[in-house]
Amino acid sequence: MVVWSIANQKGGVGKTTTTITLAGLLNQRSKRVLMVDTDPHGSLTTYLGYDSDDLPCSLFELFQLPTINKATVSPFVLKSDIPGLDIIPAHMSLATLDRVMGNRSGMGLVLKRALAALKDEYDYVLIDCPPILGVMMVNALAASTRILIPVQTEFLAMKGLERMMRTLTIMQRNKPSRFDVTIIPTMYDKRTNASLQTLMDLKSTYSDQVWASAVPIDTKFRDASLKRMPPSFVSPNSRGVFAYKTLLNYLERLA
């Protein structure tokens, strides 16, 4: 089972869009995909049509399980409208997890243990991370073998990336197994100097970790979210989906 976390300590860079688009493309390649929404805002959960205030269960309750195994974790997996594409949803109560349970022993490995219990059920797990460093992001990074970092091609996003890379360096010291990093330039607009310059800076600064291409600005992503479907199901020939197909091919070669 391959586990990817989509993370950045800056919001609005395309984390949820990256998660749902890659998940949809993997599903269309006959892969069994589980998405995990670790953001208290629950954007991914809402995207798939679930009301976070009307959930039968959420990731918050999973973290309170006394015993983690397949039988106890499976009820937290909800189905989407697409067979083979499932989600462990988020609830706003996740925002209190650091305060309520952050000091409990072993809290940083709960998600890793939960996913291990489901390893025979899925080919891929994609974890949509919150934009802050806390228990949820620590859990996501600890559970992953590759970290995908969407970075909007503008100056302030570069500063957010610097913070994220420092976080990963710290995490790596405490993680026995190594994880790899792929930086994904997003919201690219070739008509603007800001996008062009930021893409050049990304490639020069992080040459061995940045994906060589970029995901363009594409209104089809917004259209897909209104229909509660992955973009590749709604607009398979759009330029944004084509970019993510290229990215997925790249990531599968790295795996």
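What follows draws every value from the coordinates through simple rules; no lab data is involved. Keep in mind that this is a model prediction, so the values were computed, not measured. Heads up, the Cβs are rebuilt from the backbone with ideal geometry, glycines too, and the neighbour counts pull from every protein chain shown.
Using the average count of surrounding beta-carbon atoms within 10 Å as a protection proxy, the listed peptides 152-164, 193-205, 26-38 rank, highest first, as 26-38, 152-164, 193-205.
Using a simple spin-label model with pseudo-atoms 7 Å out from Cα toward Cβ, LEU109 and GLU61 lie 2.6 nm apart. Cα axis of helix 15-28 to longest principal axis of the chain: angle in degrees, 0 to 90, nearest 10? Around 80 degrees separate the two axes. By how many degrees, between 0 and 90 and to the nearest 10, does the Cα long axis of helix 239-254 differ from the longest principal axis of the chain? Result, in degrees: 70.
So if I average 1/r over every pair of distinct C-alpha atoms in the stretch 116-255 and take the inverse, what Kirkwood radius in Å does that give? 16.5 Å is the Kirkwood radius here. Over the chain, Cα pairs under 8 Å with separation of 6+ residues give a relative contact order of 27 percent. Dividing the convex hull volume of the alpha carbon atoms of the stretch 110-177 by its residue count gives 96 Å³ per residue.
If you bin all the Cα-Cα distances of the chain at 10 Å, starting from zero, the percentages per bin are 7, 33, 38, 19, 3, 0.
Neighbours of THR205 by Cβ distance under 13 Å: Lys/Arg scored +1, Asp/Glu scored -1, total -1.
With distances taken between every two different alpha-carbon atoms, the stretch 1-84 has a Kirkwood hydrodynamic radius of 14.2 Å. Quick one: check the C-alpha center-to-center distance for the stretch 171-238 versus the stretch 75-94, whole angstrom. Between the Cα centre of the stretch 171-238 and that of the stretch 75-94, the gap is 24 Å. With K and R counted +1 and D and E -1, the other residues having a Cβ less than 14 Å from that of GLU252 yield a net charge of +3. Helix 193-205 and the longest principal axis of the C-alpha atoms of the chain enclose an angle of approximately 70°.
Here the Kirkwood formula puts the hydrodynamic radius of the stretch 31-173 at 15.8 Å, using every distinct Cα pair.
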